Amino acid sequence: MKRTAGIFWFAALLVAVSAESGYGQAATEKTIWDGVYTEAQATRGQRVAQQNCASCHAPSDWSGSSFLRSWVGRPVLGLHNHIRTSMPFGSPGRLSAEQYSDIVAYMLKLNRAPAGKTELPADDAGLRKINVTRQASR
């Protein structure tokens with residue numbers, strides 16, 4: 001029984017590591033500094049965050065150098081998936097993919113990434129094409 005359980009957990013770990021490393025392997029076409037969300041989307045994201053996240057998080061939790069440092073060099077997909085699979089606490093995945101993208105748009109606005117004319121996508125393929133970088137990295 002122990003061997004079967006060990007094999008299961010080893011396989012689960014491999015899947016998790018493979019999925020995480022896949023975030024960094026995709027070729028990105030844009031960075032967060034290329035206007036990858038709209039003002040309207042960030043406003044919706046602020047509203048969704050206030051309704052679902054404010055009891056545990058302040059906007060300062062999602063901005064500043066330590067926040068960016070955690071995500072630099074990774075596609076926005078990693079951030080989107082992180083919050084989708086872990087938030088809201090106690091019922092992760094409860095929101096729609098679009099609502100999670102709206103929250104990410106709000107986070108980008110908090111970090112002074114400029115808004116653009118196209119909404120941040122809610123699908124994995126679209127999110128994988130946008131990389132989190134420092135502003136000077138453009």
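For segment 84-100, 3J(HN,Hα) computed residue by residue from phi via the Karplus equation (6.51, -1.76, 1.60; θ = phi - 60°) reads 5, 8, 10, 10, x, 4, x, 8, x, x, 5, 8, 6, 4, 5, 5, 5 Hz, glycine and proline entered as x. The protection proxy used here, the mean number of other Cβ atoms lying within 10 Å of each residue, ranks peptides 67-73, 126-132 as follows, highest first: 126-132, 67-73. Taking only the Cα atoms of segment 97-136, the radius of gyration and Dmax are 10.1, 30 Å. Only the Cβ atoms of Lys and Arg (+1) and of Asp and Glu (-1) were treated as charged; on that basis the dipole of segment 72-138 about its Cα centre amounts to roughly 340 debye.
Once backbone amide H atoms are built at 1.01 Å from N, THR31 has ASN131 as its partners under 5 Å, excluding neighbours fewer than 5 places away on the same chain. Remark: C-alpha extents of segment 23-138 on the principal axes read 35, 27, 24 Å, sorted largest to smallest. Residue ranges 76-83, 39-46, 90-97 sort as 76-83, 39-46, 90-97 when ordered by packing (mean number of other C-beta atoms within 10 Å per residue, highest first).
Taken together, the values in this text are just the output of simple stated rules run on the coordinates, not laboratory data. Since the structure is predicted, the reported quantities are computational estimates derived from the model, not experimental observations. All Cβ positions, even for glycine, are placed from backbone atoms using ideal geometry, and neighbour counts span all protein chains on display.
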